[in-house]
Amino acid sequence: MSQKKQKLLFGGHSLVWAGDWSVKNARFAASSASRAGYDLIEILIAEPEKIDAAMTKDLLAEFNLTAAGCFVINATTDISSSDKSIVQAGEDLAKRAIDKLAAIGGVELDGPFASSLQPYEQPATKENRANSVGAMKRIADYAADKNINLNIEIVNRYESNLMNTAKEGLLYLEEVDKPNVYLHLDTYHMNIEEDGMVEGVLAAGDRLGYVHVGESHRGYLGTGNVDFDSFFGALKKINYQGPVTFESFSSAVVDPALSNALRIWRNLWTDSDDLAVKAINFMKKRYS
């Protein structure tokens, strides 16, 4: 059974504060998120075995935070692959991520895991799509047994060939046809792919389960060209209730391997506390 989205939570991605979830960095990220006024911290669970569940649960309780899990797959675990062994590897990894999220008390798994996060050289085939949908159905059933929602992030054409707009994502959700599978929209990607910041949100309606708020250059909110007023206005129109999570990356903080994967070539900021405080104030001003 899935968890109904019924509470607005302001979150921050852990990579705003730390490049990994080691004991020292996890404490720094959790304490910083709490001090800035966030309700939720989003933890990257790309490698579930590196997340200490007991330590994480203690931190969440200490700092009064809810956790969400961010999950991504690569070419060796791509559930849209035409290689069935790779699809199976992706399913197995997703189940381990779900287990870890359940162990820390989280109920929202988000991220672009319908396909690998990578530049593809050609469009997705019917087989690629069918493999992804089939795997997602099985992953969704596994997640439902643990009361976890799956929120499939829609990313730009340079990071996925499966779907790049909200409306394409909704068609994918129709094929998966599972009540605990939702759409995850990210303003950074929407700014590249959508006709505007409103139509996709309105189309998603109650199938919108998770939101990432990021600037066009992934830096300070309000310093790029994303139309946040229109975006938050659209969220209000659909009475969105769920996580609204700030996401920003700088090569000063993000793990080098991930920084390279996301093409973060420059330091967009160095003071994560200043960035995070300004971000939550920016978001609350537009949606509280």
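No lab work stands behind these numbers, since they all come straight from the coordinates. In this text the structure is predicted, and so the values were computed from the model without any measurement. Quick reminder, even Gly has a Cβ in these numbers, built from the backbone with ideal geometry, and neighbours come from all protein chains shown.
Pop the C-beta distance of Tyr158 and Arg96 into the FRET formula with R0 = 41 Å and round what comes out to the nearest 0.05.
0.90
For Lys167 paired with Lys284, estimate the spin-label separation in nm (one decimal), with each label point 7 Å from Cα along the Cα-to-Cβ line.
3.7 nm
As I understand it, the dipole of the range 9-287 uses +1 on the Cβ of Lys and Arg and -1 on the Cβ of Asp and Glu, about the Cα centre. Which of Thr77, Phe10, Leu235 lies farthest toward its positive end?
Of the candidates, Phe10 comes out farthest on the positive side.
Treating the beta-carbon of each Lys and Arg as +1 and of each Asp and Glu as -1, no other charges, what is the dipole magnitude of the range 9-287 about its Cα centre, to the nearest 20 debye?
Working: 27 positive and 39 negative charges, 74 e Å.
Rounded to the nearest 20 debye, it is 360 debye.
Note the full-extension length gain between Asp195 and Asp177 as 0.36 nm times their separation in residues minus their Cα-Cα distance, in nm to one decimal.
Values: separation 18, 0.36 × 18 = 6.48 nm, distance 2.62 nm.
Stretched fully, the Asp195-Asp177 segment lengthens by 3.9 nm.
For the peptides 9-16, 174-181, 68-75, 116-123, what is the packing order when you average, over each peptide's residues, the other Cβ atoms within 10 Å and list the highest mean first? Don't skip to the end; give the middle numbers.
Working: 9-16: 24.8, 174-181: 16.0, 68-75: 22.5, 116-123: 13.9.
Ranked from most to least packed, the peptides come out as 9-16, 68-75, 174-181, 116-123.
Expected output is a single nm value to one decimal: the length gained when fully extending between Ser82 and Lys137, i.e. 0.36 nm times separation in residues minus the C-alpha distance. What is it?
Numbers: separation 55, 0.36 × 55 = 19.80 nm, distance 1.69 nm.
So the chain would gain 18.1 nm between Ser82 and Lys137.
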